[in-house]
Structures are given as C-alpha cells and as structure tokens.
Amino acid sequence: MSSLTLQVPLLSAEAAGRTFVRGKGNIVAVQAATFQLLQGETIAIVGRSGSGKSTLLHIIAGLDVPSFGAVDWPALGAREQLRPGKVGMMFQSPSLVPSLDVAENVMLPLALLDVPGNTLDQAIRELARFGIADLAHKLPEELSGGQAQRVSLARALVARPRLVVADEPTGQLDHASGTALIEALLTWTAEANATLVIATHDLEIASRMKRSWQMDHGALALDNEIATK
Ligand code: ADP
Ligand code: MG
C-alpha cells in the first residue's frame, strides 16, 4: 500500500478561487482550483505576471480567504491557528519591519511563539544558511532587494514550519545566487520533511521542484493534467 494514500494532506482546496472588485466589475484572479498538498512535496507555480500566483499563494498560506470554494489544512488545523509555526511565508514584495534589524526581523516568529532560549543564535543560524549572517545587525533600508528577500526567507523558516510558501524567492537575484538559494531551500525542506510551494517565472528553478503547476489567467493546471494533454 502506498504511504501517500494514508497521508492526511497539509492542504486541501475544493474549487477554491478569488475575485477582486475592480471598478464596477469583478476580476477573477484565481479560477476554481482543486488540489492537495502533501507532506514532503515541492511544487513550483509557474505563470506570467498577473496570472494569479501571488493571490493563490496567499490563500495557500491562509493569509487570504477564497471568494468561493473551500480551503482546509487537515494536518495543520484551522486557518486561525496556522501562523507562525505551521506555515512560513516569504512575500514577493518587501515585508521586513523597517525599525528592527535583520536578526530581530528573523527572531519575530520565535517571539510570537514564546520560544525559549537564545533566539538570536537561532536567527543567525538561519541567516547563515543563506550566506548572510554578516547582515544580522543591519537595518532593512541598508539591504539590497536580493538580500532583503533572503532575510525574509530566513524569517519564514526560523520557526520550522511544515508548509513553506515562497513568492518568487529568486526574483531579485542573479542566476548563480538564485540557484544557490533554491538549493539551500530544498536542503532545508528535505531535512525538515516539510512541503514547499514557490511561485517563479524561471523554468530552470521550477524544474528543481518535484511538481510544476501552470497558472494562466487565473486557471491552475496541475502537472498530471499537463501530462495527459
Ligand atoms: P501574479 O502573482 O501571478 O503576478 P497576482 O496574484 O498578483 O498575479 O494578480 C492576479 C490578478 O489579480 C491581477 O490582475 C491583479 O491585478 C489582481 N489583484 C491581485 N491582488 C489584488 C487586490 N488586492 N485587489 C485587486 N486586484 C488584485
Ligand atoms: Mg506575484
């Protein structure tokens, strides 16, 4: 018997989608999507700008709610209980707290969880994973876009979430740095037996994930559907 059939999914989406009001009408950012996320999976969501990737990732992370359909996290609990220990999110746009230094930003999830012990050491270990421990005492305004994204990723991982959602994590990095970041992220995911969902334009980055899902004008096509076309 396959162990997968016994697994409780981390996330289950049933015809879930998202509309936004624009002017007098609605735009459908994400069309009805049905899928599951299982423990240990790595998934790339690939699509052009405006195709709905960020909107879908926010729903997956429980930061936004679908306008129709349903999303549940059977292995993680209710949406209100998701953060920050169960789901870690790296946003596409800058999201560091400007008045806190880099290490303090990374320590935030641990503070919210009341984690005992030396959380500064933990934050610095997480920064070191992405080669940026030397930035620990800089302010966000002193960072390049690529450095800020790596700090956000360290902050997303520090509480060892079971589901990691990263929105274009290599978007502001050169090819070599982007590849190094993805390798570090995949190593982390394998060690933690976590699930990783990233959005990317970069097909080479996408090919490093076990599954690659396409988004086109809000419509999500799962890899098995592509394979049977
Ligand atoms: P992607 O991440 O693939 O670039 P997004 O999810 O950011 O795509 O956007 C998908 C569509 O939804 C776009 O047309 C965008 O303008 C629209 N959209 C996203 N967020 C909002 C919002 N908060 N309010 C109104 N429209 C939005
Ligand atoms: Mg986006």
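Taken as a whole, the structure places W188 among residues that are in a helix (DSSP H, G or I) and in contact with a strand residue (DSSP E or B) (Cβ under 9 Å, 6 or more places away or on another chain). State yes or no: is L38 over 18 Å from the mean Cα position of the chain (by Cα) and surrounded by fewer than 22 Cβ atoms within 10 Å (Cβ to Cβ)? No, not satisfied.
For region 127-145, how many residues meet the condition of being touching a Leu at 6+ places or on another chain (Cβ under 6 Å) and among the acidic types (D, E)? Matching residues across region 127-145 total 0.
For region 161-189, the candidate set comprises residues that are small (G, A, S) and in contact (Cβ under 8 Å) with a residue 40 or more places away in the chain; within that set, the residue that is nearest to L82 (Cα to Cα) is A166. With respect to the stated conditions, S51 is hydroxyl-bearing (S, T, Y), within 13 Å of ligand 2 (Cβ to nearest atom) and either over 22 Å from G146 (Cα atoms) or touching a residue at least 12 places away in the same chain (Cβ under 8 Å) (or both). Taking region 33-70 as the range and being outside any helix (DSSP H, G or I), more than 11 Å from M215 (Cβ to Cβ) and near ligand 1 (Cβ under 10 Å from one of its atoms) as the test, only D64 passes. Please specify each residue of region 144-160 satisfying the condition of being part of a helix (DSSP H, G or I), under 18 Å from L82 (Cα atoms) and open to solvent by 20 Å² or more (accessible area, probe 1.4 Å). R155, the sole residue that qualifies. In region 71-95, the residue that is nearest to ligand 1 (Cβ to nearest atom) out of those that are among the small types (G, A, S) and open to solvent by 40 Å² or more (accessible area, probe 1.4 Å) is S93. Candidates in region 161-172 are the residues that are within 16 Å of ligand 2 (Cβ to nearest atom) and assigned to a loop (DSSP other than H, G, I, E, B); of these, the one that is surrounded by the most Cβ atoms within 10 Å (Cβ to Cβ) is P169.
The values are calculated or read from the model by the stated rules, or taken from the named source; none is laboratory data. Note that this is a predicted model, so its numbers are computed, not measured. So basically every Cβ, Gly included, is an ideal-geometry build from the backbone, and we count neighbours across all protein chains shown. Keep in mind that these areas ignore ligands, DNA and RNA; they rest on the heavy atoms of the full protein, side chains included. Shrake-Rupley method; radii C 1.70, N 1.55, O 1.52, S 1.80 Å.
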